[in-house]
């Protein structure tokens, strides 16, 4: 049970660690995209001002704008790919979490069954202890019986006592049973 709990805790820590890593990656990409977006906005404003100045600068601005658009498209594509990857990993982590929860539930059921078996064994042990004490008391009484009791009667009583102890042991510890 302790091993399963350790494995469960290790799995939870690994899942939490993986989640934090991808959240940090997503956060850093969001910041990078925001900064790049700000840069693109500033470049666009500058290009608009230069457009009004002259026709020659229009061609330069158009090229620059085309490059920035390509970069923005590339960043959008990268962002979409990362989002898809994160979604896939999230789904995989969710499946792993559900499997771990099922495993924990199964383990808990096994623990409950084992606790029930231990309780049964303790009850059987107490009953056996009482039966053996009773048998010991009978044996003591037979030993202390007066000498005038016939030897055959004493022999029969001992056989009965041994059979009684044998039945007690067979009922509490049956051979071949688990």
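Here are the numbers for the structure shown:
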item: Residues residue 153 and residue 2, FRET efficiency given R0 of 45 Å [Cβ-Cβ distance, rounded to 0.05]; result: 0.20
item: Ranking of 60, 95, 104 by count of other Cβ atoms within 10 Å, fewest first; result: 95, 60, 104
item: Label-point separation, residue 49 to residue 130 (7 Å along Cα→Cβ), nm; result: 9.9 nm
item: Stretch gain in nm, segment residue 89-residue 62, where the contour uses 0.36 nm per residue and the Cα spacing is subtracted; result: 5.7 nm
item: In nm, spacing of pseudo-spin labels at residue 27 and residue 15 (7 Å Cα→C-beta vector); result: 2.1 nm
item: 8, 155 arranged by Cβ crowding within 10 Å, fewest neighbours leading; result: 155, 8
item: Equivalent-ellipsoid semi-axes of segment 1-131, from the Cα gyration tensor, Å, largest first; result: 67, 11, 7
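No value in this document is a laboratory result; all are computed from the given coordinates. Values in this document were obtained by computation on a predicted structure and should not be read as measured data. So basically every Cβ, Gly included, is an ideal-geometry build from the backbone, and we count neighbours across all protein chains shown.
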